[in-house]
Amino acid sequence: MFTHVIVKKPCRAMIDGITTADLGKPDYQLAMKQHGDYIQALEQCGVQVTVLEADEAYPDSCFVEDTAVLTRKFALITNPGAPSRKGEIASMIPVIERFYPKEAIEYIQAPGTLEGGDIMMVGDHFYIGISARTNREGAQQFIRALEKYGMSGEMVPLHTILHLKTGLSYIENNNLLISGEFLDNPTFSQFHHLKVAAGEEYGANCIWVNGKVLVPAGYPQTQKAIEALGYEVLVVDTSEYRKIDGGLSCLSLRF
Ligand code: GLY
């Protein structure tokens with residue numbers, strides 16, 4: 001169960017966030033409204049939400065998930081692989097220090113890079129996407145930290161997608177939303193697969209929070225498949241974040 005969530009308001013510069021999508025620029029006012037709706041949905045899941053103020057210096061800084069990995073035993077401050085995002089961690093460190101003692105905070109050191117969007121937690125085991133943002137050195141540093149605390153991790157090479165959780169979401173009870181390049185990957189064969197329908201790939205990025213699942217608006221087959229398993233679904237529109245390659249998971253740190 002999660003008790004806390006950290007989010008950061010989008011800044012006006014978000015319209016210049018890194019993107020591979022061809023969906024136009026985000027509408028900032030709509031993004032702010034969607035962010036408020038996202039916070040409300042999280043609050044419905046019984047967590048205390050810490051809302052950080054926007055940081056105009058970093059267009060992608062609302063995607064706080066990439067700056068840290070918060071486990072039940074320690075926190076990891078990352079070293080984002082995107083050069084324009086590296087500076088985001090400076091303001092995150094004092095926030096994480098509010099929740100974890102200094103001796104339980106680990107750091108990814110260059111040349112290691114790692115972004116939280118590449119980390120999928122399944123109990124005390126962590127899958128680590130090796131992507132354009134997270135390299136093997138960063139993954140090895142994280143695995144060493146996990147082992148120090150009695151946990152484990154393994155690497156999953158990515159081929160086309162941005163982050164591991166762009167195409168996979170673990171929604172507990174052995175249920176895994178899975179799409180695209182992961183469908184035939186034996187690494188995930190032990191899970192019950194909810195295959196994301198063609199055309200709904202963006203819907204693979206959902207988040208489980210205390211028994212409920214937040215699902216992006218506009219992916220009805222994915223929503224139905226999750227509901228059919230008995231989960232209560234909260235639908236949140238993230239259309240403006242999709243325009244800059246962001247989704248439900250990157251918008252928060254849950255712990
Ligand atoms: N625009 C989100 C990211 O590239 O990390």
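Got a sec? Which of GLY138, GLY153, GLY203 is more than 16 Å from the ligand (Cβ to nearest atom), of a type outside the set (Lys, Arg), touching a strand residue (DSSP E or B) at 6+ places or on another chain (Cβ under 7 Å) and in a helix (DSSP H, G or I)? Full working, then the answer.
Values: GLY138 fails: more than 16 Å from the ligand (Cβ to nearest atom); GLY153 fails: in a helix (DSSP H, G or I).
After ruling out the rest, the residue left standing is GLY203.
Select, from LEU162, LEU183, LEU177, LEU248, the only residue that is over 22 Å from ILE18 (Cβ atoms) and surrounded by 15 or more Cβ atoms within 10 Å (Cβ to Cβ). Even if it seems obvious, please write down each step before you answer.
On the way: LEU162 fails: over 22 Å from ILE18 (Cβ atoms); LEU183 fails: surrounded by 15 or more Cβ atoms within 10 Å (Cβ to Cβ); LEU248 fails: over 22 Å from ILE18 (Cβ atoms).
Testing whether each residue is over 22 Å from ILE18 (Cβ atoms) and surrounded by 15 or more Cβ atoms within 10 Å (Cβ to Cβ) leaves just LEU177.
With the condition kept exactly as written, say whether any residue in region 39-52 is of a type in the set (Gly, Ala, Ser) and more than 21 Å from GLU172 (Cα to Cα).
Start the filter on region 39-52 by keeping residues that are of a type in the set (Gly, Ala, Ser), which leaves 41, 46.
Next, only the ones that are more than 21 Å from GLU172 (Cα to Cα) stay: none.
No, region 39-52 has no match at all.
Suppose we filter region 161-183 for residues that are away from the ligand (no atom under 16 Å from the Cβ) and either in contact with a Ser or Thr (Cβ under 9 Å, 6 or more places away or on another chain) or closer than 16 Å to TYR127 by Cα (or both); how many remain? Don't jump to the end; show me each part of the working.
Looking only at region 161-183, we keep the residues that are away from the ligand (no atom under 16 Å from the Cβ), and these are 168-183.
Now narrow it down to the ones that are either in contact with a Ser or Thr (Cβ under 9 Å, 6 or more places away or on another chain) or closer than 16 Å to TYR127 by Cα (or both): 168-172, 174-183.
Adding up the residues that qualify gives 15.
Give just the number: which of (1) over 16 Å from the mean Cα position of the chain (by Cα); (2) over 24 Å from THR20 (Cα atoms) does PHE126 not satisfy?
Against the list (1) over 16 Å from the mean Cα position of the chain (by Cα); (2) over 24 Å from THR20 (Cα atoms), PHE126 comes up short only on (1).
Filter region 113-147 down to the residues that are without any contact (Cβ under 8 Å) to a residue 24 or more places away in the chain and basic (Lys, Arg), then identify the one that is nearest to ASP60 (Cα to Cα). Break it down stepwise before answering.
Let us first name the residues in region 113-147 that are without any contact (Cβ under 8 Å) to a residue 24 or more places away in the chain, namely 123, 136, 143-144, 147.
Pick out the ones that are also basic (Lys, Arg) and you get 136, 144.
Working: ARG136: 23, ARG144: 28 Å.
Selected residue: ARG136.
Select from region 1-34 the residues that are within 13 Å of the ligand (Cβ to nearest atom) and assigned to a helix (DSSP H, G or I) and list them in ascending order.
Answer for region 1-34, where residues must be within 13 Å of the ligand (Cβ to nearest atom) and assigned to a helix (DSSP H, G or I): ALA13, MET14, ILE15, ASP16, ALA31.
Can you confirm whether CYS250 is within 16 Å of the ligand (Cβ to nearest atom) and under 23 Å from GLN48 (Cβ atoms)? Steps first, answer last, please.
Working: within 16 Å of the ligand (Cβ to nearest atom): yes; under 23 Å from GLN48 (Cβ atoms): yes.
Judged against the criteria, CYS250 is a match.
Return a yes/no flag: does region 120-130 have any residue that is within 16 Å of the ligand (Cβ to nearest atom), closer than 21 Å to ARG254 by Cβ and not in a helix (DSSP H, G or I).
yes
Only residues that are in contact with a Gly (Cβ under 9 Å, 6 or more places away or on another chain) and farther than 17 Å from GLY246 by Cα: list them for region 160-172, please.
Selection gives GLU172 alone.
When you look at GLU240, is it at negative phi, more than 16 Å from the ligand (Cβ to nearest atom) and among the acidic types (Asp, Glu), yes or no?
Values: at negative phi: yes; more than 16 Å from the ligand (Cβ to nearest atom): no; among the acidic types (Asp, Glu): yes.
Criteria not met by GLU240.
Among the residues that make up region 99-112, is at least one of them free of Cβ contacts under 8 Å to residues at least 24 places away in the same chain, more than 16 Å from the ligand (Cβ to nearest atom), surrounded by fewer than 20 Cβ atoms within 10 Å (Cβ to Cβ) and among the charged types (D, E, K, R)? Spell out how you get there, then give the answer.
Of all residues in region 99-112, those free of Cβ contacts under 8 Å to residues at least 24 places away in the same chain come to 101-103.
With the extra rule that they be more than 16 Å from the ligand (Cβ to nearest atom), the set shrinks to 101-103.
Imposing the further condition that a residue be surrounded by fewer than 20 Cβ atoms within 10 Å (Cβ to Cβ) reduces the set to 101-103.
Add one more test, that the residue is among the charged types (D, E, K, R), and what stays is 102-103.
Among the residues of region 99-112, at least one is free of Cβ contacts under 8 Å to residues at least 24 places away in the same chain, more than 16 Å from the ligand (Cβ to nearest atom), surrounded by fewer than 20 Cβ atoms within 10 Å (Cβ to Cβ) and among the charged types (D, E, K, R), which makes the answer yes.
Would you confirm, using the coordinates I've provided, whether GLY211 is crowded, with 18+ Cβ neighbours inside 10 Å and either modelled with pLDDT of 95 or more or farther than 27 Å from TYR100 by Cβ (or both)? Talk me through it step by step, then tell me what you get.
Numbers: crowded, with 18+ Cβ neighbours inside 10 Å: no; either modelled with pLDDT of 95 or more or farther than 27 Å from TYR100 by Cβ (or both): yes.
For GLY211, the condition - crowded, with 18+ Cβ neighbours inside 10 Å and either modelled with pLDDT of 95 or more or farther than 27 Å from TYR100 by Cβ (or both) - is not met.
The values are calculated or read from the model by the stated rules, or taken from the named source; none is laboratory data. The shown structure was predicted, so the numbers you read here are calculated from the model rather than taken from an experiment. Here the Cβ is made from the backbone with ideal geometry for all residues, glycine too, and neighbour counts use every protein chain on show.
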